[in-house]
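Presented below is the structure to which this report refers.
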Amino acid sequence: MRVCHRTHQGLVRASNQDSWLAEASLFGVADGMGGHRGGETASRVALEVFKNAIGKKKPAADAIRRAVEAANRRVYDMAQQDENLQGMGTTMSMVWLGKDKAVIAHVGDSRVYRLRGGELTQLTDDHSFVAELVRNHIITPEMAKTHPNRNIITRAVGVDPMVEVDVLEEEIREGDLWLICSDGLHGMVEDAEIQKTLTGMELEEAAEHLLTRALEGGGYDNVTLVLISHGEVNAK
């Protein structure tokens, strides 16, 4: 297994409120919100609590859900106790890799993708206002790209005492490549280009190219991505 990651403040934001995790079998991206200090704190603390809650457990749906719920409680409690942190929260998109399965937990509008046999698949659903409109066939995906409320998320870690966590399990195959990223990447770079990049470049080169393309696309947000590959990426 090979892993690489990139994170960048972007060209507009005053700070980088994204955090990433790539340790042993745990991988993830958290995109913080709630002001300079709040966003940074929320994303960092959420990943720390998540990692500690997982500990040495084996990949399982219940365990990953409880770990995200633990992160939610910690971030929420910190916000209640410090007026400077009130309103903070974070997305969390996490991948826990086992021997033959991946367990995924997701809250917010960061994303988990899988490249298999040259085809890129978005495995998580965005918890955002425009994503709900698209799913309900009120607007088209093209309209969503320029919608004035496209940055509003409908679910986040740490905003409320309880959080609803999407959890799914996926089999692992030789040649799979996993991409976890904040909306600073997928909001700037089309899925078709992401797929072309991941199938046509080595891991480190692909990561650097995707970051560059996100910045060239405007760099309006923090950009963070984690790539994990199993063997030869183009394997069927």
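The values are calculated or read from the model by the stated rules, or taken from the named source; none is laboratory data. None of the values given here were measured: they were computed from a predicted structure. Virtual Cβ from ideal backbone geometry, glycine too; neighbours counted across all protein chains shown. For the accessible areas, the whole protein counts, side chains as well, though only heavy atoms, and no ligand, DNA or RNA atoms are used. Shrake-Rupley method; radii C 1.70, N 1.55, O 1.52, S 1.80 Å.
Laid out as a table, the results:
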read-out	value
For mean projected area of the Cα convex hull in nm², calculated from these coordinates, the label among [x] 11.9; [y] 23.5; [z] 14.0	[x]
Percent accessible area from carbon and sulfur atoms, the chain, protein chains only, probe 1.4 Å	47
GNM result for the chain, Cα springs below 10 Å: residue of ARG114, ARG13, ARG155 fluctuating most strongly	ARG13
Protection-proxy order for peptides 99-112, 183-196, each taking the mean of Cβ atoms within 10 Å per residue, highest first	99-112, 183-196
Packing-based order for 164-176, 120-132, using average beta carbon neighbours within 10 Å, highest first	120-132, 164-176
Value of relative contact order over the chain, rounded to a whole percent, pairs C-alpha under 8 Å and six or more apart	28
From phi via Karplus (6.51, -1.76, 1.60), per-residue ³J(HN,Hα) for the stretch 62-78 in Hz, x at Gly/Pro	4, 5, 6, 5, 5, 5, 5, 4, 5, 4, 4, 4, 5, 5, 4, 4, 4
Cut-off under 5 Å, modelled amide H: who pairs with ILE139 long-range	VAL134
Note, ³J(HN,Hα) from phi for the stretch 199-208, Karplus 6.51, -1.76, 1.60, rounded to Hz, x at Gly and Pro	7, x, 10, 5, 4, 5, 5, 5, 4, 5
Max mean-square fluctuation residue, GNM over the chain, Cα-Cα springs under 10 Å, options LEU11, LEU198, LEU47	LEU11
³J(HN,Hα), Karplus 6.51/-1.76/1.60, whole Hz, each residue of the stretch 10-27, x for Gly, Pro	x, 9, 10, 5, 7, 8, 9, 9, 7, 9, 9, 10, 8, 9, 6, 9, 10, 9
Probe 1.4 Å, accessible area per residue of the stretch 161-234, Å²	42
Euclidean distance between Cα centres, the stretch 78-141 to the stretch 157-192, Å	5
Extended-chain gain in nm, criterion 0.36 nm per residue less alpha-carbon gap, ILE152 and THR212	19.1 nm
26 Å Cα-Cα reach of LYS99 towards lysines, excluding residues that sit fewer than 8 places from it in its own chain	LYS51, LYS56, LYS57, LYS58, LYS236
